[in-house]
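Read through the structure below, which is laid out as structure tokens, and then see the notes.
The values are calculated or read from the model by the stated rules, or taken from the named source; none is laboratory data. As the structure is a computational prediction, the values presented were derived from the model and not from experiment. Every residue, glycine among them, receives a Cβ derived from its backbone with ideal geometry; neighbour counts consider all protein chains shown.
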Amino acid sequence: MKKKLIQPWVIIVTVLVVIIIACVGWGISMNNKLITEAEKVEAQWSQVENQFQRRLDLIPNLVETVKGYASHESETLESLTAARAGLSSAYNDAQAVQQAGQPGDDAGMQAYSDAQNRLKGALNLYVNAVHEAYPDLKANEQFLSLQTQLEGTENRIAVERQRYIETVRDYNVMVRRFPASLIASMNGFETKPQFKADEGAATAPQVSF
């Protein structure tokens, strides 16, 4: 008996079906990977926000501790009064930009970063002014505890911010790189805004108040 020959069109259709199945499988796998990486970015942003919020929460306690210690404070202490006003303004700005949520673009991220940097600078000025006005306050147990917590928070901010930078970098590379960029554009995955890494951002700073 003669063997039946497989028709060429059957081979072609089979190959096409295999290719289509492989492409669909790859697309689903890549889409799931993009979702996972996007979730990593969101999770890491939450860690950054947690540390910035921790600093915001500690500042009122610090100010109240100084007020309690210096109940005899005179308004003639202009440097301390001005420093406290600057801290209050920077605190309100940072709180407002943080309540707006995660920035959606580079300009928003820059505004967020600038607000936090202004707060950090104002906090340093305030604490230095407190030290000049009340040198004995360095021995106050509550003040020392808050100072230690703030120093630890600054270190955590640097670490979590650097981790966010690295997580966003990996995600953005995936979104932009071909052929993953095809799936990203089809499913609405866009690049995430990035912090501009400060010099030495990979190392937690040694903050001295």
Self-check item: Among the residues listed as THR203, THR167, the single one being modelled with pLDDT of 90 or more, of a type in the set (S, T, N, Q) and either assigned to a loop (DSSP other than H, G, I, E, B) or on the phi < 0 side of the Ramachandran plot (or both)
Solution: THR167
Quiz item: So, in the range 144-157, of the ones that are hydrophobic (A, V, I, L, M, F, W, C) and farther than 11 Å from LEU58 by Cα, which residue ends up surrounded by the most Cβ atoms within 10 Å (Cβ to Cβ)?
Solution: ILE157
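Here is a yes/no grid of residues against (1) without any contact (Cβ under 8 Å) to a residue 60 or more places away in the chain; (2) of a type in the set (Ser, Thr, Tyr); (3) within 29 Å of ALA85 (Cβ to Cβ):
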residue	(1), (2), (3)
HIS131	no, no, yes
GLN149	no, no, yes
ILE157	no, no, yes
GLN162	yes, no, no
VAL168	no, no, no
TYR171	no, yes, no
MET174	no, no, no
PHE189	no, no, no
Exercise. Would you mind stating whether GLN116 is in contact (Cβ under 8 Å) with a residue 24 or more places away in the chain and closer than 19 Å to GLN44 by Cα?
Key: yes
Exercise. Return the residue satisfying two criteria in turn: it lies in the range 91-122 and is of a type in the set (A, V, I, L, M, F, W, C) and more than 13 Å from PHE52 (Cα to Cα), and of such residues it is nearest to the chain's Cα centre (by Cα).
Key: MET109
Self-check item: Condition check for GLY121: out of contact with any Leu (no Cβ under 8 Å at 6 or more places or on another chain), surrounded by fewer than 18 Cβ atoms within 10 Å (Cβ to Cβ) and at positive phi
Solution: no
Quiz item: So TYR126 clears everything in (1) more than 26 Å from SER89 (Cβ to Cβ); (2) touching a Gly at 6+ places or on another chain (Cβ under 8 Å) except one condition, right? Which one?
Solution: (1)
Practice problem: Determine whether GLY68 is at pLDDT below 85 and under 30 Å from LYS192 (Cα atoms). | Solution: no
Exercise. For ILE20, indicate whether it is within 30 Å of TYR171 (Cβ to Cβ) and either among the hydroxyl-bearing types (Ser, Thr, Tyr) or part of a helix (DSSP H, G or I) (or both).
Key: yes
